[in-house]
1. Would you mind checking the tilt of helix 98-125 against the longest principal axis of the Cα atoms of the chain, expressed as 0 to 90 degrees and rounded to 10?
2. Can you tell me the 0 to 90 degree angle between the C-alpha axis of helix 83-95 and the longest principal axis of the chain, rounded to 10?
3. What number do you get for region 1-152 when its Cα radius of gyration is normalised by 2.2 N^0.38 Å, N = residues?
4. Given a cut-off of 35 Å, what percent of all Cα-Cα pairs of the chain lie beyond it?
5. Along each principal axis of its Cα atoms, how long is region 135-193 end to end? Whole angstroms, biggest number first, please.
6. Just the number: Rg to Rh for region 1-71, Cα atoms, Kirkwood Rh, two decimals.
7. Averaged across orientations, what area in nm² does the convex hull of the alpha carbons in region 270-364 project?
8. Residue farthest toward the positive end of the dipole of the chain, with Cβ of Lys/Arg at +1 and Asp/Glu at -1: which of Ile53, Gln120, Val27?
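Every read-out reported here was derived from the displayed coordinates using simple, explicitly stated rules and does not represent laboratory data. None of these values were measured; they are calculated from a predicted model. All Cβ positions, glycine included, derive from the backbone under ideal geometry; neighbour counts span all protein chains shown.
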Amino acid sequence: MKSCVIIGGGIIGLSTAYYLIKEGHQVTVIDQSDITSGASFVNAGYITPSHIIPLAAPGMISKGIKWMFDASSPFYVKPRLDSDFLQWSWAFKKSSTRQKVERSIPLIKDINILSRELYQEIKNSGDFEFQFERKGLLMCYKTDEAGEEEWEVGQRGKALGLGVANLTKEEVDLLEPEANLDIKGAVFYDTDAHMTPGQYMKALYSFLKEQGVTFYTNEKVLDIWSQDEKIATVKTDKRRLTADEFIVAAGSWSPTLTKSLGIKIPTQAGKGYRINVERPTGISIPAILLEAKVAVTPMNGFTRFAGTMEIGGINHEINPVRVEAIANAASAYYKGLEVKESEKSGAACGLRPVSPDGLPYIGRTSKYRNLCIASGHAMMGWSLGPATGKLIAEVISGRKTTLDISAYHPDRRF
Ligand SMILES: Cc1cc2nc3c(=O)[nH]c(=O)nc-3n(C[C@H](O)[C@H](O)[C@H](O)COP(=O)(O)OP(=O)(O)OC[C@H]3O[C@@H](n4cnc5c(N)ncnc54)[C@H](O)[C@@H]3O)c2cc1C
């Protein structure tokens, strides 16, 4: 049994705690918040084997430049003279080649499928109750151009063994009769599942506490001290902690924590927003509204509309123009659905930890013998929680990992 300190109580930190206690380790989680908000609560709750193409893909830079001048665009990069941002941008550019994307596609698919199976396993274990539904994902399009682009991705998915079909509007209506969709058609992935993130986080947190995990919430890690190629102590604003193993799972804040240790894990915060509609919408299958890049999820008791990727540093300011754009997309794709002012004013945001190449950082750094990184999951952090937690627990227990994790190495260069 080892004593383990996890910095960060988002989906990645809590999933890691779950698998570490299953392996018999003693676990402490530190979080600067009270674990009720942020990316792991506001996300769209998709489990995404369908998302095989990383953000850094050919054409993305030119799209990004075009969108920079549109205040309501779904993707926005705020140019800054900051060395971390400039290095990340350069690494993003270098990752956006066809060859690198081709290499990432099977890696992204495999880890997503592993994680979906693990969510199912957690559900079957009865450890705690939560929504986990496998109804697939409709990639809805209004224009032929968007449909053709998505069908190309769908065919790649099919070749990799995913269940994908290109559906006409009439076929979509048969699947989704109450939703009143105003679209041309949809590419349907039967591989995907969905959940209610806030419900799951709360239940997992309670379960971990019952199992003896120690939580220090509203407590910020200020420094990490090393000695003889090992992490010796974590200093918070309230105490100092020693342990056998340390895991940095601090999402968008992870690179700030590792910097003083001489470890570079290039990451930018990608802000996204969500609006909850707490009344019947007739929507029963998750969807992505392709041209608007808005995600729609029928959650437990409400429908969530989520979107926007704003690379603009660490802040939680809500931009009403982008919230409005998400609400407008909802009305444009679902006839008769108007998002109320009160629903828009209840919008919340969270920061996705975006690595430059679309792959997370999972595993030990070579610099320290007892430090693991579990971060940089960008748009797939919710999906990849269980897989990341399991892989880190295997590393810490000194066992062969379920998947080869060399591509996720935190020391990789771009
Ligand atoms: C709008 C939106 C929609 C999304 N939709 C999906 C989706 O459908 N499917 C999907 O797979 N992913 C989705 N994502 C992405 C996913 O939510 C993130 O990748 C994931 O939540 C990241 O989890 P994390 O645990 O790494 O980070 P976080 O959830 O950010 O957790 C990190 C934690 O570390 C704590 N912390 C940071 N610094 C310190 C410190 N110094 N001391 C102590 N604690 C610290 C923070 O308080 C925080 O609680 C979405 C994200 C957004 C914003």
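1. The answer is roughly 80 degrees.
2. The angle comes out near 60 degrees.
3. Details: Rg = 19.3 Å, N = 152, 2.2 N^0.38 = 14.8 Å.
My calculation over the Cα atoms of region 1-152 gives 1.30.
4. Details: 20015 of 85491 pairs.
Above the 35 Å cut-off, the chain has 23 percent of its Cα pairs.
5. 32, 26, 15
6. On the way: Rg = 18.0 Å, Rh = 15.5 Å.
The Rg/Rh ratio comes out at 1.16.
7. Details: hull surface 30.6 nm².
Result: a mean projected hull area of 7.7 nm².
8. Val27
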